[in-house]
Amino acid sequence: MTLLLRARSVNLVLAGLASFVGVLLLSAGHEPALTLVPVGMVGKVVVVDAGHGGVDARRLQELFSAAGATVLMTRDGDYDLAPPEMESLWERKKYDLQKRVELANEAGADIYLSVHANCHSDSTRYGQRVYYSPRAGSERLADAIDRALAHVTGTRYSPYQGDFFVLRRTVMPAVLVEIGFISNPDEKKRLKDSRYVARLAEAIFLGTMNYFEESAG
């Protein structure tokens, strides 16, 4: 076995047949543990569009980067991409959505991940919802992420084809993940737990990794 050390990851090449990357993930006991994952994401371009209250965007960025992907964040804070002089809320929203889509399309991204928290007038609704675009591969990506999230949330719903601007206008496989309902008191409490939110980010990462590995196979 040949051990190759990197500044932020560990690659293991086993008999020249398979390559893995070591990343720190939270164990079942919520303690950091080195986990080996295949390097199917090396060289991939991943766009992460993280909204407020949904997931630890920095954790997602760290995980994808450690696995060898190029990560493009649509933003790194709770703000829109519209210019300050644009006063109309409708125009700001439309401009913001268009800019997110343009970033992904112009970068030639391999996948687009939009991650947010959900809200509903019915406070009993709970669990993740994963939507996919009509582009080829999107449904498989959504299903892989939903399966991984189920191990953290304890819930599983079939992904839906979503009629969202960012899903209609992006040209690569794209999904929108609603990570849980902030309108549900129990989920709202969990989404304020930094460890739980980190595990959600890791589940999205692992689901995406599975998608790339399945695509390569």
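The values are calculated or read from the model by the stated rules, or taken from the named source; none is laboratory data. Since we're looking at a predicted model, the values are computed, not measured. Cβ atoms come from the backbone with ideal geometry, glycine included; neighbour counts cover every protein chain shown.
Just one of the listed residues (Val175, Val130) is touching a Pro at 6+ places or on another chain (Cβ under 7 Å), of a type in the set (A, V, I, L, M) and modelled with pLDDT of 95 or more, and it is Val130.
Sort out which residues of the stretch 163-210 are touching a residue at least 40 places away in the same chain (Cβ under 8 Å) and of a type in the set (Lys, Arg), and write them in order of number. Matches in the stretch 163-210: Arg169, Arg195, Arg199.
Evaluated against (1) assigned to a helix (DSSP H, G or I); (2) buried (at least 20 other Cβ atoms within 10 Å of the Cβ); (3) at pLDDT below 85, Val55 falls short on exactly one condition, (1). Looking across the stretch 114-148, the residues that are assigned to a strand (DSSP E or B) and out of contact with any helix residue (DSSP H, G or I) (no Cβ under 7 Å at 6 or more places or on another chain) come down to His116, Ala117, Asn118, Arg129. Going by the structure shown, is Val166 under 19 Å from Val45 (Cβ atoms), more than 15 Å from the chain's Cα centre (by Cα) and of a type in the set (Val, Ile, Thr)? In short, no. Across the stretch 69-121, what is the total count of residues that are surrounded by fewer than 16 Cβ atoms within 10 Å (Cβ to Cβ), acidic (Asp, Glu) and modelled with pLDDT of 90 or more? Summing the residues that are surrounded by fewer than 16 Cβ atoms within 10 Å (Cβ to Cβ), acidic (Asp, Glu) and modelled with pLDDT of 90 or more in the stretch 69-121 gives 2. The listed residues are Lys188, Lys192, and the only one of them that is part of a loop (DSSP other than H, G, I, E, B), surrounded by fewer than 23 Cβ atoms within 10 Å (Cβ to Cβ), of a type outside the set (Ser, Thr, Tyr) and more than 14 Å from the chain's Cα centre (by Cα) turns out to be Lys192.
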